[in-house]
Amino acid sequence: MLWQVRTRNLELGNHGHIMAIVNVTPDSFSDGGRFVDSAQAIDFALSCVKKGASILDIGGESTRPGADEVSAAQEQDRVLPVIERLSRETEALISIDTYRAETARLAVAAGAHIINDVHGLQREPEIAQVAAQTGAGLCIMHTGRGRDGRRHADLIADQLEFFGQSLAIARDAGVGRDSLVLDPGFGFAKNAEDNLELMARFEELHVLGLPWLVGTSRKRFLGSVTGHDVAADRDIATAATTAMLRLAGASIFRVHDVAASRDALAMADAVIAAASRNGGNAT
């Protein structure tokens, strides 16, 4: 399976891929303020590529609960210089983490290959038109209630209804299915029990027939299981979820610590390959 991202594509079958989180923000829940300076963000991003990241996800607004919303101009001032420079200095794919159509358009013009919308096209549906017009890859994340405000008691039914709405927006805008990746939105409008159930039932999501990106990295539910209150202490737990979700069929893993999840992913891929050679299933 190939993910079409502008003039390039990413093979999503035989092995998983790491998407490194590069927050150019002062207030992200785990690393806010570490890379708010463009030069620091660029250096960090390039170090992630050396450690094994295939994709760099650049964000200029925190999505943590209670975070202050920034203006479009603030977001663009943070991310565009980083994207422009990285597009010249690395062959890694570059993703813009935004729900704003105008930021997405400017980011793709600056060199981004992928648009990663945590509101699943349902806050600014015009963002789907940007993807269609530019050929950018599009990641659609489940973020809770859909456009009608309803939420199913069953987690998988809720995912399917939400994505049904989002995929209709993408289709109507002219986005091809080979440009789409879905994200179940671990940690967004979900408590610890919800997140664990979503992991346990992850394979049920494959009914949608599209590849999956997952972002469990340093999330609070990992702390509820391991007892680690400090987000940066949850990288081992993150790596464990990387391996488990890879075996359940996820393709892309959005993480803070590239090295730990890279090794976990390598082990999961090796098990999948061994199962394939023997005609079995790794899960």
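The values are calculated or read from the model by the stated rules, or taken from the named source; none is laboratory data. If you're wondering where the values come from, they're calculated on a predicted model, not measured in any experiment. Note that we place each Cβ from the backbone using ideal geometry, even for glycine, and neighbour counts take in every protein chain shown. Just the protein is used for accessible areas: all its heavy atoms, side chains included, with ligands, DNA and RNA removed. Shrake-Rupley method; radii C 1.70, N 1.55, O 1.52, S 1.80 Å.
For segment 45-177, relative contact order (Cα pairs under 8 Å, six or more residues apart, normalised by length) works out to 19 percent.
The 3J(HN,Hα) values that the Karplus relation (6.51, -1.76, 1.60; θ = phi - 60°) gives for segment 114-129 are, in residue order, 9, 10, 10, 9, 6, 9, x, 6, 9, 9, 10, x, 4, 4, 5, 5 Hz. Gly and Pro appear as x.
Here the Karplus curve 6.51 cos²θ - 1.76 cosθ + 1.60, taken at θ = phi - 60°, turns the phi angles of segment 163-177 into couplings of 5, x, 5, 5, 5, 5, 4, 4, 4, 5, 7, x, 7, x, 4 Hz, with x standing for Gly and Pro. The charge dipole of segment 178-219, taken about its Cα centre with unit charges on the Cβ atoms of Lys, Arg (+1), Asp and Glu (-1) only, comes to about 220 debye. Accessible area of residue 123 (1.4 Å probe, protein heavy atoms only, ligands and nucleic acids ignored): about 100 Å². Looking at segment 41-149, the accessible area is 38 square angstrom per residue; that uses a 1.4 Å probe and ignores ligands, DNA and RNA.
This structure gives Rg/Rh (Cα atoms, Kirkwood Rh), computed directly, and of [x] 0.93; [y] 1.05; [z] 0.96 that value is listed as [x].
Extents of segment 86-157, taken as max minus min of Cα coordinates on every principal axis and listed largest first, are 47, 21, 15 Å. Straight-distance candidates among the lysines for linking to residue 190, with alpha-carbon spacing under 25 Å and chain neighbours fewer than 8 residues away dropped: 219.
Label point 7 Å out from residue 204 along Cα-to-Cβ: which residues of segment 155-188 have amide N under 11 Å? The answer is 155-160, whose backbone nitrogens lie closer than 11 Å to the label point.
Note on segment 125-206: Kirkwood radius taken over Cα pairs, Stokes-Einstein applied at 4 °C and 1.567 mPa s, translational D equal to 97 µm² s⁻¹. Between the beta carbons of residue 154 and residue 224, assuming R0 = 25 Å, the FRET efficiency works out to 0.70 to the nearest 0.05.
The modelled label-to-label distance between residue 172 and residue 68, using points 7 Å beyond Cα along the C-beta direction, is 3.6 nm. As a test, work out the antiparallel percent of DSSP beta bridges whose residues both lie in the chain, rounded to the nearest 5. Around 10 percent of the beta bridges assigned by DSSP in the chain are antiparallel ones. Only one residue of 166, 205, 227 has its Cα farthest out toward the positive end of the dipole of segment 166-228, where Lys and Arg carry +1 and Asp and Glu -1 on Cβ, and that residue is 227.
Normalised by the number of residues in the chain, the mean separation of alpha-carbon contacts (under 8 Å, six or more apart) gives a relative contact order of 18 percent. With +1 assigned to the C-beta of every Lys and Arg and -1 to the C-beta of every Asp and Glu, and no other charges, what is the dipole magnitude of the chain about the Cα centre in debye, to the nearest 20? The dipole of the chain has a size of about 460 debye.
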